[in-house]
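A quick write-up on the structure given underneath.
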Amino acid sequence: MPAWVAFAIPYIFNIATEKLKNILNLYNLITDRLADIGFSLFIALEGNKETAKEFFLNKYYNWLRIAIHACPAQFFLIYNYDLIKADDDLKRFIQSDPYFSAWWEVITKSFEQNLRTEDLIEFLQHALFNTALSFITAVLELIKNNPTQFAEEIASTILSQINATPASEDTAIANYLSRFKPDKVPKSLPVIPYDILVHLNPILPFASPQIISHIKALYAYSKILHSKPCPQAPRQLLDFLDCDVYINNQYYTTVKLDENDILKVTIPKSELNPLKSHVVTLDYAGIQRHTRIGKLIDLKLTMTAFGFKGWYFCLGETGWQTPFDFTEWEGMAWLSCQFWRDYAYSLLWWEVEHNAVDTPFYVKLKCGARIYEPNQKSKVMVGVREGDTLYLAEIADIPYFMGEPGDVVVYGTFPYPKYVMALYNESRARDEVISGVRLDRHIAWVD
């Protein structure tokens with residue numbers, strides 16, 4: 001069985017609770033990355049590119065360091081003390097990192113001197129004081145009542161560091177690791193029972209065996225890749241393996257490694273909706289990697305015409321001069337109509353040219369209408385224009401007063417290449433009647 005299979009350990013538990021969300025997200029991320037890199041090293045055995053092999057070894061090493069920091073390091077060393085002490089590879093890995101090595105000396109001394117405690121707060125004060133994690137001491141009282149909050153704080157910090165530079169995880173990891181200096185390790189740390197460690201980080205029993213297995217795999221790969229001649233995986237196996245490509249979780253195509261052991265996928269622009277971002281997934285022998293392709297173009301709306309309709313004596317103002325960009329506009333456009341008999345209406349309309357074709361998009365209108373009278377209706381309308389004739393359909397109510405406009409959001413596929421949107425208000429009364437509409441903001445966007 002290939003080595004990478006042995007260490008692609010499946011998820012063996014399911015904790016359905018929001019309070020462990022960050023812990024589980026980080027655990028899953030680390031599990032995925034270690035499995036991916038292990039498989040990449042397996043593939044690298046077939047190639048002759050030494051730089052690629054060293055790249056993956058270094059990446060493996062750094063992700064293992066992140067995995068130990070997620071425990072965090074002092075927890076991991078206490079929890080696995082006997083195993084590390086008895087295994088040369090594990091001890092060599094710990095001592096290769098100055099920060100881990102400094103903790104190892106402190107914890108070894110504590111075990112040898114039987115320096116122990118069962119007081120959670122005392123332990124955390126020693127474990128965190130004057131370290132890169134000292135910020136957690138601000139919530140010690142919260143941790144005392146909810147121990148898993150400690151692991152959530154650690155997980156949240158690591159995830160936010162990685163998410164800060166999504167285009168380069170390697171940079172994010174390097175930045176995070178640089179915070180941990182050996183001179184920030186305390187001189188002593190009392191050893192705490194394992195069950196309390198697990199209350200502080202419930203993932204520790206699951207993460208520890210994976211980390212240890214991957215450390216052993218790291219050194220096994222290192223010995224193979226640095227030995228001459230290098231054992232080669234059968235080319236027939238690599239030729240047999242397929243890589244399925246998915247776009248937004250929909251199957252797109254299947255590709256194979258080329259002669260340089262590289263997976264190449266070409267997706268014509270015509271296959272993608274240019275107004276939306278897309279998630280491309282490569283599924284190679286069960287190992288999945290995802291990447292997001294950004295929008296090829298931005299949604300653009302251009303006002304090409306506008307006008308008023310009303311009954312009977314009307315006043316209005318827009319300040320609009322066509323054509324102009326109407327994708328995001330803020331100002332004030334209004335119309336008010338007054339009649340001394342039983343009926344009056346106001347219609348403010350604008351025609352828009354857009355590039356969305358058949359892609360649905362959102363339009364948010366900050367608008368209001370004259371709705372003081374009980375017998376009235378106020379609507380947002382959409383349709384088309386043919387010459388001087390408007391063909392409009394009611395699509396949303398306007399529930400806001402003309403003097404206190406609010407947001408109305410509409411969503412859908414709009415007539416292409418041009419459509420008309422309008423604000424409509426009508427009023428009925430026995431005596432003098434006033435109708436009116438107002439638009440303060442117009443914003444459009446695609447998911």
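We did not get these values from a lab; they are worked out from the coordinates using the rules stated. These numbers come from a predicted model, not from an experiment. A quick note on method: Cβ atoms are made from the backbone with ideal geometry, for glycine too, and the neighbour counts reach across all protein chains shown.
Length gain on complete extension for the stretch W340 to Q95, per 0.36 nm per residue less the alpha carbon to alpha carbon distance?
Details: separation 245, 0.36 × 245 = 88.20 nm, distance 9.13 nm.
That pair, W340 and Q95, stretches by 79.1 nm at full extension.
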- Note on the structure: Burial-style ranking of 335-343, 271-279, 385-393, 28-36, average other-beta-carbon count within 10 Å with highest first, yields 28-36, 335-343, 271-279, 385-393
- Note on the structure: Relative contact order as a percentage, the stretch 3-225, C-alpha pairs under 8 Å and 6+ apart, gives 33 percent
- Message: Need the C-alpha centroid separation for the stretch 252-273 versus the stretch 375-447, integer Å.
- Response: 46 Å
- Query: Fully extended, how many nm does the chain gain between Q113 and V446 (0.36 nm per residue separation, minus their Cα-Cα distance)?
  - Reply: 113.5 nm
- Query: Going toward the positive end of the dipole of the chain, with +1 on Lys and Arg Cβ and -1 on Asp and Glu Cβ, which of I66, V280, P323 do you reach last?
  - Reply: I66
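Taking 0.36 nm per intervening residue step and subtracting the Cα-Cα distance, what contour gain separates I267 from W320 on full extension?
On the way: separation 53, 0.36 × 53 = 19.08 nm, distance 4.14 nm.
Here the answer is 14.9 nm.
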- Message: Suppose every Lys and Arg Cβ carries +1 and every Asp and Glu Cβ carries -1, with no other charges. What dipole size does the chain come out with about its Cα centre, to the nearest 20 debye?
- Response: 560 debye
- Message: Residues of the stretch 90-124 with the amide nitrogen closer than 20 Å to a label point 7 Å from the Cα of S188, along Cα-to-Cβ, please.
- Response: 102-124
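Just to confirm a number: summing +1 for Lys and Arg and -1 for Asp and Glu over residues other than Y246 whose beta-carbon lies under 15 angstrom from that of Y246, what do you get? Before the final figure, lay out each step's value.
Details: positive: R289, R292; negative: D242, D244, E271, D283.
Every neighbour counted, the sum reads -2.
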- Starting from the Cα of H199, step 7 Å along the direction of its Cβ; do the same at D431; then give the gap between the two resulting points in nm. 7.6 nm
- Task: Take the alpha-carbon positions of the stretch 3-225, form their convex hull, and give its projected area averaged over all directions (one quarter of the hull surface) in nm².
- Result: 12.3 nm²
- ³J(HN,Hα), Karplus 6.51/-1.76/1.60, whole Hz, each residue of the stretch 394-399, x for Gly, Pro: 6, 10, 7, 7, 10, x
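Work out, in µm²/s and without decimals, the Stokes-Einstein translational diffusion coefficient of the stretch 59-162 at 10 °C, 1.306 mPa s, Rh from Kirkwood over C-alpha pairs. Each step should come with its number before you reach the end.
Values: Rh = 14.7 Å.
Answer, rounded: 108 µm²/s.
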- Looking only at lysines whose Cα falls under 27 Å of K366's and that sit 8 or more positions away or on another chain, we get K276, K295, K300, K309, K377, K379, K418
- Item | Computed P(r) (all Cα pairs; the stretch 301-445; 5 Å bins; percent) | 2, 10, 20, 24, 21, 12, 7, 3, 1, 0
- Query: Once amide H atoms are built 1.01 Å from N in the peptide plane, which residues 5 or more positions from F401, or in another chain, come under 5 Å H to H?
  - Reply: A369
